[in-house]
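The values are calculated or read from the model by the stated rules, or taken from the named source; none is laboratory data. Everything quoted here is computed from the prediction, not taken from an experiment. Cβ: placed from backbone, ideal geometry, glycine included. Neighbour counts: every protein chain shown. These area figures cover heavy atoms from the full protein model, side chains too; ligands, DNA and RNA do not enter into them. Shrake-Rupley method; radii C 1.70, N 1.55, O 1.52, S 1.80 Å.
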Amino acid sequence: MSLRGRLTCPPCASTFDVVTYRPESSDIPAIVLSDGQVMPKLGFGAYKVAGEQAEGIITKALELGYRSIDTASLYENEEEVGRAIRESGLPRDEVFVTTKLWNSDHGYDSAMRAFDASMKRLGLDRVDLYLIHWPLPATDLYVDTFRALQSLKRQGRVVSIGVSNFNRSHLERVIGETGEIPAVNQIELHPYFAQNELRAFHAANGIVTEAWSPLGRGAEFNDSVIIHLAEKLGRTPAQIILRWHMQLGNVAIPKSATPSRMAENLAVFDFELTGREMTQITTLDKGARQGGDPDTLDLDAPGAS
């Protein structure tokens, strides 16, 4: 079952279509991408979920009510993720699947081969969202790589295409040279690295902002502002931060291997932060990037999402 409505995001001066998924144990709002596809606003990130553990963890996430799973060729768990989805008993169109192309596969032909390999590992009929993991500007291939994604979309093998870790300059070049705006840009985003300018550019161009590492690396949990709000509202620090993401209009993909925390991360849709509380969190921004810099990350870097 789903309910359609509208989401207004005052901080980014933009309005998006939304629906609400209603799996058995959760109500998950979802955003409508620029191409019309529906994407849950809260998903499950499979980064650093070891291959031998991934199938069980993804199975549990789906049981709890997650309906968006984010993986990547880098994570080396596409096979297990795909198996968990296939064996979940859920209709394929109820699970939104994202995977990503790694740095060594930039270039049109390489990207096409990389996608074939990901599909073989996943064992699924399609990918809902395919992303370029990093722009890798030193190789000057990300535009050709995006053209490959456009071909995959035309072939119906991918529903939506986007990017990850792209800065404004990278986005402007892709848009200018391919004539297509990426549906999503998945970026590092948390209270200590709020990416306000990039989010504003996204909003102005109809690009959905998806946050990797949405909870940061734990330092925010000990921030006095977050602790105060958690105590005041009877919530955990993680729930306060994820609620902040939801009200900003972000998509977020928290990761946890602990079932109780996985469930806790879903329980953020039955309360709201006031405008003042939202501002308190947003002003925590320190420009504190924890992962790689998209302008300088090189080919051999292990990545950060």
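Averaged over residues, the count of other Cβ atoms within 10 Å places the peptides 85-93, 104-112 in the sequence 104-112, 85-93, highest first.
Name the shape class, rounded, prolate or oblate, that the alpha-carbon gyration tensor gives for the stretch 40-283, where a ≥ b ≥ c are the square roots of its eigenvalues, rounded holds for a/c under 1.5, and otherwise prolate holds if a/b is larger than b/c and oblate otherwise. Before the final figure, lay out each step's value.
Details: a/c = 2.13, a/b = 1.30, b/c = 1.64.
Oblate, since a/c reaches 1.5 and b/c is not below a/b.
Between Asp300 and Phe269, the FRET efficiency from the beta-carbon distance, with R0 = 41 Å, is close to 0.50. Once the 1.4 Å probe is applied to the protein heavy atoms, the stretch 40-283 comes out at 37 Å² accessible per residue. Couplings 3J(HN,Hα) for the stretch 172-186, derived from phi with the Karplus relation 6.51 cos²θ - 1.76 cosθ + 1.60 (θ = phi - 60°), are 4, 5, 4, 4, x, 9, 10, x, 10, 8, x, 5, 9, 10, 8 Hz, where x marks Gly and Pro.
With the simple spin-label model, which puts each label point 7 Å out from Cα in the Cβ direction, the Ala204 to Ser260 separation comes to 4.6 nm.
Assign one of three labels to the stretch 85-144, namely rounded, prolate or oblate, based on the Cα gyration tensor with a ≥ b ≥ c the square roots of its eigenvalues; rounded applies when a/c is under 1.5, prolate when it is not and a/b is larger than b/c, and oblate otherwise. Walk me through the intermediate numbers first.
Numbers: a/c = 3.45, a/b = 2.43, b/c = 1.42.
Prolate, since a/c reaches 1.5 and a/b exceeds b/c.
The helix-based estimate of mean residue ellipticity at 222 nm for the chain, built from -39,500 (n - 2.57) per DSSP H run of four or more residues and divided by its residue count, is -11000 deg cm²/dmol to the nearest 500.
For the stretch 40-283, a crude dipole built from +1 on the beta carbon of Lys and Arg and -1 on the beta carbon of Asp and Glu, taken about the Cα centre, is about 200 debye to the nearest 20.
Distance check, please: which entries in Lys41/Lys153; Lys153/Lys286; Lys60/Lys100 exceed 28 angstrom between their Cα atoms? Could you put the intermediate results ahead of the total?
Details: Lys41/Lys153 22 Å; Lys153/Lys286 38 Å; Lys60/Lys100 22 Å.
Violating the 28 Å limit, Cα to Cα: Lys153/Lys286.
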